[in-house]
1. Is there a residue in segment A:134-147 that is over 26 Å from the mean Cα position of the chain (by Cα) and assigned to a helix (DSSP H, G or I)?
2. Does segment A:105-118 hold any residues that are out of contact with any Leu (no Cβ under 6 Å at 6 or more places or on another chain) and away from chain B (no Cβ under 11 Å), and which are they?
3. Any residue at all in segment A:87-94 that is at pLDDT below 95 and among the polar types (S, T, N, Q)?
4. Being of a type in the set (Val, Ile, Thr), closer than 21 Å to A:Glu107 by Cα and not in a helix (DSSP H, G or I) is true for just one of A:Thr259, A:Thr265. Which residue is that?
5. Filter segment B:79-106 down to the residues that are farther than 23 Å from B:Cys17 by Cβ and either open to solvent by 80 Å² or more (accessible area, probe 1.4 Å) or more than 23 Å from the chain's Cα centre (by Cα) (or both) and list them by number.
6. Hey, any hits in segment B:130-140 for a residue that's within 14 Å of another protein chain (Cβ to nearest Cβ), touching a helix residue (DSSP H, G or I) at 6+ places or on another chain (Cβ under 8 Å) and over 26 Å from A:Ala123 (Cβ atoms)?
7. Out of A:Lys280, A:Lys248, A:Lys304, A:Lys230, which single residue is assigned by TED's automatic domain parsing to the domain that holds A:Asp143 and in a helix (DSSP H, G or I)?
Amino acid sequence: MATLVIREDVSVVHDAELLHKACQGWGTDEKAIINILGHRNAAHRQQIRIAYNDIYHEDLVKRLESELSGDFEKAVYRWILDPVDRQAVLAHVAIKKSEPDYHVIVEIACVLSPEELLAVRRAYHLRYKRSLEEDVAAATSGDIRKLLWALVSSFRYDGSEVNARLADTEAEILHNAIKDKALNQEEAIRILTTRSKLQLIATFNSYRDEHRTSITKQTLLGTSDDEFFKALRTTIQCINDYKKYYEKVLRNAIKKVGTDEDALTRVIVTRAERDLQDIKELYYKRNSVTLDQAVANDISGDYKKFLLTLLGKED
Amino acid sequence: MTKITSQDHINVALSECIYLIKGTLKRMAQPNYLEALTKAFSGHGIEEKSLISILGKSHPEHITSFRKTTPFFIDDERQFERWDDHHIKLLKREFLRFKNAVVLWAMHPWERDARLVKDALKKGPQEYGTIVEIACTRSSEELLGARRAYHSLFDHSIEEEVATHIKGSDRKLLVALVSAYRYEGNKVKEDTAKSEAKLLAIALKNVDKKKPTEDEEVLRILSTRSKPHLMAVYKYYKDVSGKNLDEDLGADLIFKVTVECICTPHNYFSKVLNTALKIDADKNTKKAVTRVIVTRADTDIKEINGEYQNLFGVSLSKEIEETANGNYKDFLLTLIARGN
């Protein structure tokens, strides 16, 4: 379930006018921006952008970029983008870092449905005049390249057909690949990047039945900082139970000394309209404190107010 | 290299028989009979009209002598001439050519491509070129459509089946090619194209140290870059190494076909058609005629026709006129004419 609280009677023209007023003169009325944008769904946000452009002949996004700053600005920028465009931007930012953020790529490729991933690839073409896979492949090498490239290129079967015998066979192949880290990982990559999600879940279950331990636990044994195996594990986690995965990302982002704002923003902004409520419940079960409280204790200012609004706080 | 198949032996035997029989029948005062029948049964498709008029109206004696003298029939120990089973199969294939073309033509392009890939996977390594053809000559959206259709038809994704069924060094390239969703705009970074051309030149020079198929960079460039980008790479490659990229990839057929399909598709299609129209083409090669003409009729058949003329001195239509028969021939010519 979503955490976003949206208003019933929305006039996008009125919203555009209010936002314009908020950006005029000395300083910015951040409260008004949060109050409006923090309570609009994706469709309305797009309409507001269009209305703003019609009336003021200016791109609202560019205006906000110049008025706001810091983590607050980054969060609002990501929020106001169309969801598919947003994922394309997140992917691009992740690849272009001096040390690419592989987990973001894995998240996008594995959490989204096959059609959603396709839409992101299209949005990436439009924005960057290159394909997502060519940028991913060019920025990586070795096994991690093979994994990420195949993940972003996948267009998995999304039907319900599952082959139980195949699940058993491939669980064994994965077991052997993970056990002996030095082995050629191509079979593991093949299975994880081409099979349908339901087939893979059946495979992971077969693994657990056979080996009495979860495949994710097994993947990291014996490796410490191996980027490839970390990404492999993220792949398995995102396919198996991505809400549990996101809870962990949030937990680590908050626990970290100084907070990982990028991760915090990313999860909250991308899931607020989808299933952040479920992730919140997992968070509370795991940490005995609500996500809202944890976020409130960890960050401050307009950035905090904005994230709390997306988390469902009413004023 | 073409294998000499039993089909080749039969074709040779057939030609020899025809020569002998022609002589005999000339003496029997039916000069065009056997020629017409043989033409009706050879080449691509069946000459339905002449079969109706000749066989349908023939004197029983002439049909008997036809059976006694052609290799289509064999002498049975119980004193009758029996159809050779192998020839019945051949004929069935030729009779079905028109039906297959019609069915393929009426199909949605997505279903068409999905089924063609599935067939190629089933037939094995000699047909993998078809998979490359479909992955590389279709637009990004057309290839996506084929992938969707594949889900519906076969309950699996194309990439998982390609990855499972294909072993060896071709697997990586084929999986990458069918998964590609290339950028389709015209924007090309010339510097990147130049440096990638150099990279390819170096990789291909080191053929003794490492096969190009094992080179991750070669793989990356060929299967992720946009087509305009690859055409620029092709051009710079010629400057850097003096030869064409597809020539230097000659040893590796799948890589060579990839480059041909992306950079010189009309040339590629013309060559495929020319090989398929040859009299000694085997049954799988012959199918390319239907495949190429049906799948390109509404895209670039006109350009292929023109390129065919450039390469072989005769237009594709004229070649079809001479080697195909009956309804099948008429259907193909109609499809080719759509390009006008």
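The values are calculated or read from the model by the stated rules, or taken from the named source; none is laboratory data. Just so it is clear, the structure is predicted and the values come from calculations on it, not from any experiment. Neighbour counts run over all protein chains shown; Cβ positions are idealised from the backbone, glycine included. Note: accessible area is taken over every heavy atom of the protein model, side chains too, but ligands, DNA and RNA are not part of it. Shrake-Rupley method; radii C 1.70, N 1.55, O 1.52, S 1.80 Å.
1. Step one: filter segment A:134-147 for residues over 26 Å from the mean Cα position of the chain (by Cα), giving none.
No, segment A:134-147 contains no residue that is over 26 Å from the mean Cα position of the chain (by Cα) and assigned to a helix (DSSP H, G or I).
2. Within segment A:105-118, A:Val106, A:Glu107, A:Ile108, A:Cys110, A:Val111, A:Leu112, A:Ser113, A:Glu116 meet the criteria.
3. no
4. Details: A:Thr265 fails: not in a helix (DSSP H, G or I).
Testing whether each residue is of a type in the set (Val, Ile, Thr), closer than 21 Å to A:Glu107 by Cα and not in a helix (DSSP H, G or I) leaves just A:Thr259.
5. Once the filter is applied, which keeps residues that are farther than 23 Å from B:Cys17 by Cβ and either open to solvent by 80 Å² or more (accessible area, probe 1.4 Å) or more than 23 Å from the chain's Cα centre (by Cα) (or both), segment B:79-106 yields B:Lys99, B:Ala106.
6. Checked against the condition, which is being within 14 Å of another protein chain (Cβ to nearest Cβ), touching a helix residue (DSSP H, G or I) at 6+ places or on another chain (Cβ under 8 Å) and over 26 Å from A:Ala123 (Cβ atoms), segment B:130-140 yields no hits at all.
7. Exactly one residue qualifies, and that residue is A:Lys230.
Every residue, every condition in (1) in a helix (DSSP H, G or I); (2) surrounded by 18 or more Cβ atoms within 10 Å (Cβ to Cβ), yes or no:
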residue	(1), (2)
A:Thr3	no, yes
A:Val10	no, no
A:His20	yes, no
A:Ala32	yes, no
A:Asn53	yes, no
A:Glu58	no, no
A:Ser66	yes, no
A:Asp71	yes, yes
A:Ala94	yes, yes
